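Down below is the structure, laid out as structure tokens.
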Amino acid sequence: MEWLNYHHLFYFWTVAKEGTITAACEKLRLAQPTISAQLRTLEDALGEKLFERTGRYLTLTETGQLVFQYADDIFSLGHEMLATIRDQPAGKPTRLKVGIADVVPKLIVYRVLEPALSLDEPVHLICTEGKPSDLLMKLSVHELDVVLSDHRLNPDVNVRAFSHQLGECNITILGTPSLAGVYQGNFPDSLDGAPFLFPTSRTVLRKSLDQWFESREMHPLIKGEFDDSALQIIFAQAGLGLVPVPSVIREDVKRRYGLQYVGRLPEVKEQFYAISLEKRVKHPAVMAILERARETIFR
């Protein structure tokens with residue numbers, strides 16, 4: 001059986017990432033002849049050239065690109081293993097580090113994460129909110145275990161991760177009792193010209209709402225746009241406009257904020273995803289989140 005020298009592979013991986021042997025030497029704190037010799041040994045063992053020189057820089061050959069992809073998986077997985085072990089010292093709760101896209105409704109977040117806190121083994125939950133692009137970068141370096149988002153991973157994003165759909169639901173329109181009384185009748189035609197508090201245009205829900213109104217040649221009166229759905233609902237509570245909410249949390253919103261049902265838009269749907277570095281999720285808390293979301297919350 002042939003054995004691969006992982007030290008040689010690690011030096012190759014570092015040089016490929018840094019772009020030059022000099023930069024790799026500074027990162028690894030090794031002399032240039034040492035790394036050059038290790039690269040030649042790896043190339044001899046594989047029987048293929050891995051680099052070509054282009055001016056001052058090294059570029060990967062076709063074989064080098066293939067080897068780099070495997071090396072990237074190998075060392076990323078090793079880093080993940082160490083991070084998992086270090087975050088789970090004996091006798092202490094399992095850590096669950098969750099990144100939450102700022103456009104995901106907070107009540108949805110609670111419903112999705114609650115099963116992780118109901119496991120037999122204690123879980124220490126750490127939540128970080130931010131823009132999806134920033135959260136994905138933290139995920140890529142294992143600062144987060146999972147990211148909750150309203151859309152699947154964009155193929156253009158340079159992060160090797162996987163989107164796990166939690167579920168989808170349609171949208172319910174809510175408003176204060178006085179507004180609901182005005183717009184409940186003749187729904188949904190009554191929404192033409194109605195005052196609305198919308199999510200911002202960078203959300204998937206906003207795009208779906210715009211398409212729905214446009215398809216019916218209806219024009220809502222947009223009184224405000226919000227990234228934060230909790231703030232959006234507070235403005236709705238003040239009677240400044242109707243508000244669209246995911247139907248799975250409409251009863252919670254009605255009860256907490258004193259809003260009333262205006263109508264439901266079955267054609268307008270919102271999806272939610274858990275994004276992880278693993279294609280097959282192994283973290284027990286993330287597994288619990290996926291299972292409960294699919295079987296109960298978004299069933």
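Values quoted throughout were computed directly from the atomic coordinates according to the rules given, and no laboratory measurement underlies them. All of these numbers come straight from a predicted model, not from anything done at the bench. Here Cβ is always computed from backbone atoms with ideal geometry, including for glycine, and neighbour counts include all displayed protein chains.
Taking amide H positions as placed in the peptide plane 1.01 Å from N, state which residues far from VAL104 in sequence (5 or more) or on other chains have amide H under 5 Å from it.
none
Looking at ALA194, LEU42, ALA116, which one has the Cα that reaches farthest to the positive end of the dipole of the chain (charges on Cβ: Lys, Arg +1; Asp, Glu -1)?
Farthest along the dipole direction, towards plus: ALA116.
Using only the Cα atoms of the range 168-269, build the gyration tensor, take square roots of its eigenvalues as a ≥ b ≥ c, and label the shape rounded, prolate or oblate: rounded if a/c is under 1.5, else prolate if a/b is larger than b/c, else oblate.
rounded
With an 8 Å Cα cut-off and a minimum separation of 6 or more residues, compute the relative contact order for the range 6-86 in percent.
29
Pop out the ³J(HN,Hα) list for the range 127-138 in order, Karplus 6.51 cos²θ - 1.76 cosθ + 1.60 with θ = phi - 60°, rounded to Hz; leave Gly and Pro as x.
Here the 3J(HN,Hα) series is 10, 10, 9, x, 6, x, 4, 5, 5, 5, 5, 5 Hz.
Mind checking the dipole of the range 6-86: about its Cα centre, +1 per Lys or Arg Cβ, -1 per Asp or Glu Cβ, Debye to the nearest 20?
So the magnitude is around 340 debye.
Determine the relative contact order of the range 168-269: mean sequence separation of Cα pairs under 8 Å and six or more apart, normalised by residue count, in whole percent.
So the answer I get is 51 percent.
Just how large is the dipole of the chain about the Cα centre, in debye to the nearest 20, putting +1 at every Lys and Arg Cβ and -1 at every Asp and Glu Cβ?
480
Tell me, what ³J(HN,Hα) does each residue in the range 240-253 have, in order and in whole Hz, if you take phi through Karplus 6.51 cos²θ - 1.76 cosθ + 1.60 with θ = phi - 60° and put x for Gly and Pro?
Working through the residues one at a time gives 7, x, 6, 9, x, 9, x, 4, 5, 10, 5, 5, 4, 5 Hz.
What order, most packed first, do the peptides 174-184, 266-276 have when packing is the mean number of other Cβ atoms within 10 Å of each residue?
266-276, 174-184
Please work out the C-alpha center-to-center distance from the range 8-35 to the range 145-178 and express it in whole Å.
40
If you wrap a convex hull around the C-alpha atoms of the range 6-86 and split its volume per residue, what is the figure in Å³?
Here the figure is 88 Å³ per residue.
Which cross-chain or sequence-distant (5 or more) residues have an amide H under 5 Å from the amide H of HIS164, H modelled 1.01 Å from N in plane?
ALA274, ILE275, SER276
With charges only on Cβ, +1 for K and R and -1 for D and E, what is the dipole size of the range 168-269 about its Cα centre, in debye, rounded to 20?
With only Lys, Arg, Asp and Glu charged at Cβ, the dipole is about 280 debye.
Percent relative contact order of the chain, based on C-alpha pairs within less than 8 angstrom and at least six residues apart?
It rounds to 21 percent for the chain.
So in the range 142-299, what percent of DSSP beta bridges are antiparallel if you round to the nearest 5?
75
Along Cα→Cβ, 7 Å out, is where each label goes; now give me the distance between the ones at ALA45 and THR296 in nm to one decimal.
So the label points at ALA45 and THR296 sit 5.0 nm apart.
Over all distinct alpha-carbon pairs, what is the Kirkwood Rh of the chain in angstrom?
This gives a value of 22.5 Å.
With θ set to phi - 60°, apply the Karplus curve 6.51 cos²θ - 1.76 cosθ + 1.60 along the range 208-222 and write out the HN-Hα couplings as whole Hz, x wherever there is a Gly or Pro.
These are the phi-based 3J(HN,Hα) values: 5, 5, 4, 5, 5, 5, 5, 5, 9, 6, 10, 10, x, 8, 7 Hz.
Residues with amide H under 5 Å of LEU58's amide H, sequence separation 5 or more or different chain, H placed in the peptide plane at 1.01 Å from N; which?
The answer is none.
For the chain, set up a Gaussian network in which alpha carbons nearer than 10 Å are linked by springs, and say which option among ILE249, ILE35, ILE234 fluctuates the most.
With Cα springs under 10 Å in the chain, the top fluctuation among ILE249, ILE35, ILE234 is at ILE35.
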